[in-house]
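K.L.:
Take this structure, written in structure tokens, and hold onto it; I'll ask about it next.
The values are calculated or read from the model by the stated rules, or taken from the named source; none is laboratory data. Since the model is a prediction, treat every value here as computed from it, not as a measurement. Here the Cβ is made from the backbone with ideal geometry for all residues, glycine too, and neighbour counts use every protein chain on show. With ligands, DNA and RNA removed, areas are computed over all heavy atoms of the protein, side chains included. Shrake-Rupley method; radii C 1.70, N 1.55, O 1.52, S 1.80 Å.
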Amino acid sequence: MVPQFTLQAPLKLSPHAVIDHLKQLWEHPEEGANSSATFTLVVWEPAWLEQHLSRLGLLEDAVMGMQRPCLMDAARRAIGAYGLPTATAPLSNTLAQALAAQPGENGAYDDLRGQAIESSISELQPHRMITLAPTLDGEQALDALVAAYCSLPEENSGGGSVCGDVLVLRGGVASIAAELDLLPRLIPPQLPCWVLWEGALGEHMDIFERLAPAPRRLIVDTALGETGPSLRILAQRIAAGQAVSDLNWYRLGGWRESLAMAFDAQDRRTALSHVAQVDIDVEGDQLCQGLLLAAWIAGRLQWSLQTGRQQQRDSSVYRFRRPDGVMADLRLVSVPVGFPKPHAGSVLGLRLLCQPPDSRELCVVLCGEASGCMRLEGGDISSRDLVEEIVPLIEGSLEVQETRVLTGGHDTTNPLLATTAQLADRMLAAASQA
């Protein structure tokens, strides 16, 4: 983390006093302290799961809106304590909703959302970081907390300090919604602005629409909400031309890279034109990640979607037409697991069956590093060439993944994500309508 000193200690103000206070702060800063000309980051950080865990006495640490081991441990204990299926992902919306239904008074707990900034984000020296922190009490009055920090200049650099400010708006959802008109006055128009939506897509859409209009750049996580609304909103925003990044898409990086490397060998590349069947296993019934991977494969192979249907409660089958006119099937299967990954719907395994006309069938199986994929390894493989690879876990917390997006600085959506999201949304719609 860049060494820092405090220019403005955290100060509690009324929301309407914030604008004048920040104006005065930067009009008369300490000598050598310059406001950074980087970007603004606006964060919707409900942290419902953390708040309910604290309310029920299951999380002794402060509410911070950050992923950390104590949160994972408390969430897994809650899954067992309240009799939820063992396949429930610790950070899933399902767990947060289940805890919300449990009785219990709002106990006192420290709320440090927006104040404890991940070091990887701090090192980017944002000009302004605005955190909207809705509370469990939906009618709680809104208050504001303002602070400012400066990075210490490097020795012999001859330059002044680079400074930025931090603003936290905390209160009930109704109170935040009532004061959102303040936000445009707090976002410098000359700098890029990212909106990081850390809640489920589809919830509080009135706030979402006002918070994240284009040309603000949007960062979402389709793993946090229900499959249908998450994919639909992702596809709609991309189709409208907004720059969108999906953290769930970035978690698929290892799967995409491993599959590409499996076909690096020259004698396997021709088999890609003859893929006859694809099977993808995912954890639980949140299918966003599985659909994104499926759509990426179909898109790269230039397949066109023909039909989709929900074959059973736990599986969907999609039929595609290959460029040579031959039909290929893609099956997405929901698999319960005993110790799921933190986010709902993580991919467990992938199998491609290729049937070249003049050679043996080729079966490519990718397995997750921490999960394995015994179901996909089954069947008669004696007559096939088998290629099996282990997909490594992507290291880094959610905050580190967010930093990678911010570091890229893109003002457009990744082209691969853009085409993939549209196809994934069509696939889900086809299966739902069948």
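K.L.:
Cβ-Cβ under 6 Å, sequence separation 6+ or interchain: first residue in the range 351-362 and under 14 Å from Q277 (Cβ atoms), partner assigned to a loop (DSSP other than H, G, I, E, B). Which pairs?
P.N.:
From residues that are under 14 Å from Q277 (Cβ atoms), the pairs are E361/Q355.
K.L.:
Could you check the range 319-336 and list, in sequence order, the residues that are farther than 21 Å from L366 by Cα and open to solvent by less than 40 Å² (accessible area, probe 1.4 Å)?
P.N.:
Passing the criteria: F320, R322, G325.
K.L.:
What number of residues within the range 319-349 satisfy the criterion of being of a type in the set (G, A, S), more than 30 Å from Q67 (Cα to Cα) and either touching a strand residue (DSSP E or B) at 6+ places or on another chain (Cβ under 6 Å) or assigned to a strand (DSSP E or B) (or both)?
P.N.:
The qualifying residues number 1.
K.L.:
Take the range 190-213 and flag every residue that is open to solvent by 20 Å² or more (accessible area, probe 1.4 Å) and either within 30 Å of R232 (Cβ to Cβ) or assigned to a strand (DSSP E or B) (or both).
P.N.:
Hits for the range 190-213 are P192, E198, G202, E203, H204, M205, D206, E209, R210, P213.
K.L.:
Restricting attention to strands (runs of 3 or more DSSP E) lying wholly within the range 92-187, give those where 3 or more residues are open to solvent by less than 40 Å² (accessible area, probe 1.4 Å), modelled with pLDDT under 95 and in contact with a Ser or Thr (Cβ under 9 Å, 6 or more places away or on another chain).
P.N.:
Working: elements: 128-134, 143-151, 161-171.
The strands (runs of 3 or more DSSP E) meeting that bar are 143-151, 161-171.
Okay, residues lined up against (1) hydrophobic (A, V, I, L, M, F, W, C); (2) surrounded by fewer than 17 Cβ atoms within 10 Å (Cβ to Cβ); (3) assigned to a strand (DSSP E or B):
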residue: T270; (1), (2), (3): no, yes, no
residue: S273; (1), (2), (3): no, yes, no
residue: I280; (1), (2), (3): yes, no, yes
residue: Q286; (1), (2), (3): no, no, no
residue: Q289; (1), (2), (3): no, no, no
residue: W296; (1), (2), (3): yes, no, no
residue: Q306; (1), (2), (3): no, yes, yes
residue: R309; (1), (2), (3): no, yes, yes
residue: V317; (1), (2), (3): yes, no, yes
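K.L.:
Something else now. Conditions: (1) surrounded by 15 or more Cβ atoms within 10 Å (Cβ to Cβ); (2) touching a residue at least 40 places away in the same chain (Cβ under 8 Å); (3) part of a loop (DSSP other than H, G, I, E, B). L58 meets all but one. Number of the miss?
P.N.:
(2)
K.L.:
Looking at this structure, is C373 modelled with pLDDT under 85, out of contact with any helix residue (DSSP H, G or I) (no Cβ under 8 Å at 6 or more places or on another chain), surrounded by 16 or more Cβ atoms within 10 Å (Cβ to Cβ) and not aromatic (F, W, Y)? Give the derivation first.
P.N.:
On the way: modelled with pLDDT under 85: yes; out of contact with any helix residue (DSSP H, G or I) (no Cβ under 8 Å at 6 or more places or on another chain): yes; surrounded by 16 or more Cβ atoms within 10 Å (Cβ to Cβ): yes; not aromatic (F, W, Y): yes.
Answer is yes for this residue.
K.L.:
For residues that are among the hydroxyl-bearing types (S, T, Y), part of a helix (DSSP H, G or I) and open to solvent by 40 Å² or more (accessible area, probe 1.4 Å), scanning just the range 405-431, find the one that is modelled with the lowest pLDDT.
P.N.:
T407
K.L.:
Identify, from the list T270, T222, T307, the residue that is modelled with pLDDT under 95 and among the β-branched types (V, I, T).
P.N.:
That would be T270, the only listed residue that is modelled with pLDDT under 95 and among the β-branched types (V, I, T).
K.L.:
Can you pull out the residues in the range 239-254 that are in a loop (DSSP other than H, G, I, E, B), within 17 Å of W194 (Cα to Cα) and either open to solvent by less than 10 Å² (accessible area, probe 1.4 Å) or touching a residue at least 40 places away in the same chain (Cβ under 8 Å) (or both)?
P.N.:
Those that are in a loop (DSSP other than H, G, I, E, B), within 17 Å of W194 (Cα to Cα) and either open to solvent by less than 10 Å² (accessible area, probe 1.4 Å) or touching a residue at least 40 places away in the same chain (Cβ under 8 Å) (or both): Q242, A243.
K.L.:
Residues of the range 350-374 being in a loop (DSSP other than H, G, I, E, B) and either in contact with an Asp or Glu (Cβ under 7 Å, 6 or more places away or on another chain) or at positive phi (or both), which ones?
P.N.:
The answer is Q355, R360, G372, C373.
K.L.:
If you take the residues in the range 389-404 that are in a helix (DSSP H, G or I) and closer than 18 Å to R256 by Cα, which one is modelled with the highest pLDDT? Spell out the reasoning first.
P.N.:
Pass one, the range 389-404, residues in a helix (DSSP H, G or I): 398-404.
Right, trim to closer than 18 Å to R256 by Cα and you get 401, 404.
Working: Q401: 74, R404: 78.
Restricting to residues being in a helix (DSSP H, G or I) and closer than 18 Å to R256 by Cα, the top hit is R404.
K.L.:
Search the range 213-238 for residues that are touching a residue at least 40 places away in the same chain (Cβ under 8 Å) and pair each with any residue that is open to solvent by less than 30 Å² (accessible area, probe 1.4 Å) and among the β-branched types (V, I, T) when their beta-carbon atoms are under 6 Å apart and the residues are at least 6 apart or on different chains.
P.N.:
Here the result reads R216/V195; I219/V405; S230/T222; L234/T222; I238/V244; I238/T413, each pair linking the range 213-238 to a residue that is open to solvent by less than 30 Å² (accessible area, probe 1.4 Å) and among the β-branched types (V, I, T).
K.L.:
Still on this structure, I have one more. Filter the range 188-229 down to the residues that are among the aliphatic types (A, V, I, L, M) and farther than 14 Å from H343 by Cβ and list them by number. I'd like the intermediate steps shown before the answer.
P.N.:
From the range 188-229, those among the aliphatic types (A, V, I, L, M) are 191, 195-196, 200-201, 205, 207, 211-212, 214, 218-220, 223-224; that's our starting set.
Within the range 188-229, L191, V195, L196, M205, I207, L211, A212, A214, L218, I219 meet the criteria.
K.L.:
Counting only residues that are among the aliphatic types (A, V, I, L, M) and at pLDDT 95 or above, which one in the range 237-258 is nearest to the chain's Cα centre (by Cα)?
P.N.:
Checking each candidate, the answer is V244.
K.L.:
Looking at L218 and the list (1) open to solvent by less than 10 Å² (accessible area, probe 1.4 Å); (2) under 30 Å from T135 (Cα atoms); (3) in a helix (DSSP H, G or I); (4) not polar (S, T, N, Q), which single condition is not satisfied?
P.N.:
(3)
K.L.:
Follow-up question, since we're still on this one. May I ask you to list pairs of residues, at least six apart or on different chains, whose Cβ atoms are under 9 Å apart, with the first in the range 17-46 being outside any strand (DSSP E or B) and at pLDDT 90 or above and the second being among the acidic types (D, E) and open to solvent by 10 Å² or more (accessible area, probe 1.4 Å)?
P.N.:
E45/E198; P46/E198; P46/E203
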